[in-house]
1. Can you tell me which residue within the stretch A:112-128, out of those that are within 14 Å of chain B (Cβ to nearest Cβ) and assigned to a loop (DSSP other than H, G, I, E, B), is nearest to residue A:203 (Cα to Cα)?
2. Out of (1) in contact with a helix residue (DSSP H, G or I) (Cβ under 8 Å, 6 or more places away or on another chain); (2) free of Cβ contacts under 8 Å to residues at least 12 places away in the same chain, the odd one out for residue B:81 is which?
3. Name the residues in the stretch B:41-60 that are loosely packed, with under 15 Cβ neighbours inside 10 Å, under 20 Å from residue B:105 (Cβ atoms) and at pLDDT 95 or above, would you?
4. Looking at (1) farther than 17 Å from residue A:166 by Cα; (2) within 15 Å of the chain's Cα centre (by Cα), can you tell me which one residue A:79 breaks?
5. With the requirement that a residue be within 10 Å of chain A (Cβ to nearest Cβ), in a helix (DSSP H, G or I) and closer than 16 Å to residue B:126 by Cβ, what does the stretch B:86-101 give you?
6. With A:171, A:202, A:163 as the choices, which residue is more than 13 Å from chain B (Cβ to nearest Cβ), in contact with a helix residue (DSSP H, G or I) (Cβ under 8 Å, 6 or more places away or on another chain) and within 22 Å of residue A:221 (Cβ to Cβ)?
7. From the list B:125, B:112, which one is more than 14 Å from chain A (Cβ to nearest Cβ) and in contact with a helix residue (DSSP H, G or I) (Cβ under 8 Å, 6 or more places away or on another chain)?
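The values are calculated or read from the model by the stated rules, or taken from the named source; none is laboratory data. This structure is a prediction, so every number in the text was calculated from the model and none was measured. Quick reminder, even Gly has a Cβ in these numbers, built from the backbone with ideal geometry, and neighbours come from all protein chains shown.
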């Protein structure tokens with residue numbers, strides 16, 4: 001069960017913000033900083049938390065989750081770093097192309113699905129590319145409590161190594177950088193071998209990296225609970241399909257370029273959500289009847305639940321077939 | 001027969017499983033008395049080549065059988081108290097990739113689990129298998145004294161002498177069940193003692 005309080009409206013509570021800085025870091029990544037419009041401090045957050053940024057893209061509402069990468073000890077500012085994805089659905093392109101200093105935006109209260117386990121004797125971080133962002137806030141949090149951590153950060157090239165300079169300057173003994181284009185790779189097996197008892201590993205990066213670290217750690221005897229990962233999925237486009245929403249008594253069509261959750265919201269139905277990336281479990285929806293095949297893509301339901309055809313996570317999963325009825 | 005079928009109870013009471021060989025760099029097996037049989041059940045030459053066994057025989061004669069498994073290291077201790085320094089030393093020098101296996105009485109498994117937890121090992125990843133005596137390690141909630149190897153309910157606290165009711169409420173931190181005064185309202189009115197699961 002989620003610890004999140006039951007709320008009348010779906011999603012986490014919202015905060016009115018203004019963009020206070022737009023800082024291009026390299027060809028692909030730009031940092032956006034926000035101040036609250038009411039001048040109050042932001043709600044406290046812990047390292048690894050994310051916020052959902054609401055974008056008004058020509059009348060179409062986009063809601064994308066981004067890890068907060070600012071210092072949890074500084075509540076005057078929230079910052080996110082966004083990697084431009086030219087093949088994506090357009091959220092990151094909108095941020096890069098349209099958002100300017102002074103723009104008024106809406107973001108949600110922070111939600112943490114990738115928190116530090118503070119029982120750890122040592123925190124071992126693995127970042128791939130833009131996966132560095134949650135570790136920026138985790139590192140800031142741990143530095144305030146004299147935490148024991150170490151970062152292994154793989155980037156494509158020196159020119160695309162976001163925050164490599166600042167991390168390397170501030171924590172020269174703790175930060176290890178690996179550049180793909182120089183054929184540098186994390187020597188994972190040796191690195192995991194000999195870590196002190198009570199070490200927790202955290203990985204944020206591409207799916208292949210996450211799977212590699214889970215598999216290597218498991219083979220070396222690491223307990224499952226000591227390896228943490230976060231991967232937000234973006235909804236994938238697919239063939240349009242028709243859905244009957246039983247509770248709301250309406251039938252809607254999910255367009256090719258939108259998710260089932262977005263189609264439900266577009267129809268004016270208030271559906272629960274938090275992460276919109278298949279991780280948090282908030283949007284879990286019961287299937288009343290289905291004649292066709294589900295395309296499950298979430299990390300929330302287990303294999304049996306996926307096979308049962310009784311549940312769907314509308315934020316990332318789709319359906320192909322004759323008919324689908326949901327308890328929504 | 002060293003296996004006991006525990007009747008169902010509240011969630012607080014620990015549940016024990018059956019040891020299985022897991023992937024790992026090193027294996028630490030701690031057992032007392034009939035717990036040796038659980039180690040023998042899981043032992044393979046490959047596993048034993050990376051295993052350190054710490055064993056407290058009590059009044060049994062399994063020690064030679066364990067030695068015959070040819071573990072990488074074998075230690076036989078006269079009591080848990082005498083062995084705990086070694087357990088701490090092994091855990092303090094362990095690294096990730098260690099697997100922990102506990103077998104035998106509840107008191108032994110609870111205390112060894114506590115040591116592993118304090119060394120940073122997650123209790124959910126510790127394997128346990130109950131064998132032998134079903135006696136409990138009890139904490140008197142009144143004087144906080146620990147009475148080992150309690151087989152009857154109610155029993156008398158070895159420290160303060162109160163008559164204690166054996167509860168199923170268990171503390172991982174103390175590695176003990178709670179014993180609560182059974183005749184506080186009506187001193188001297190103590191039901192006849194019987195076996196804990198009778």
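1. Result: A:117.
2. For residue B:81, the failing item is (1).
3. Hit for the stretch B:41-60 is B:41, nothing else.
4. Going through the list (1) farther than 17 Å from residue A:166 by Cα; (2) within 15 Å of the chain's Cα centre (by Cα), residue A:79 breaks only (1).
5. Once the filter is applied, which keeps residues that are within 10 Å of chain A (Cβ to nearest Cβ), in a helix (DSSP H, G or I) and closer than 16 Å to residue B:126 by Cβ, the stretch B:86-101 yields only B:91.
6. Numbers: A:171 fails: within 22 Å of residue A:221 (Cβ to Cβ); A:163 fails: within 22 Å of residue A:221 (Cβ to Cβ).
From the options A:171, A:202, A:163, the qualifying one is A:202.
7. On the way: B:125 fails: more than 14 Å from chain A (Cβ to nearest Cβ).
None of the other options fit; the residue is B:112.
One line per residue, one yes/no per condition, for (1) more than 14 Å from chain A (Cβ to nearest Cβ); (2) part of a loop (DSSP other than H, G, I, E, B); (3) at positive phi:
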{"site": "B:67", "(1), (2), (3)": "yes, no, no"}
{"site": "B:71", "(1), (2), (3)": "yes, yes, no"}
{"site": "B:84", "(1), (2), (3)": "yes, no, no"}
{"site": "B:103", "(1), (2), (3)": "yes, no, no"}
{"site": "B:107", "(1), (2), (3)": "yes, no, no"}
{"site": "B:116", "(1), (2), (3)": "no, no, no"}
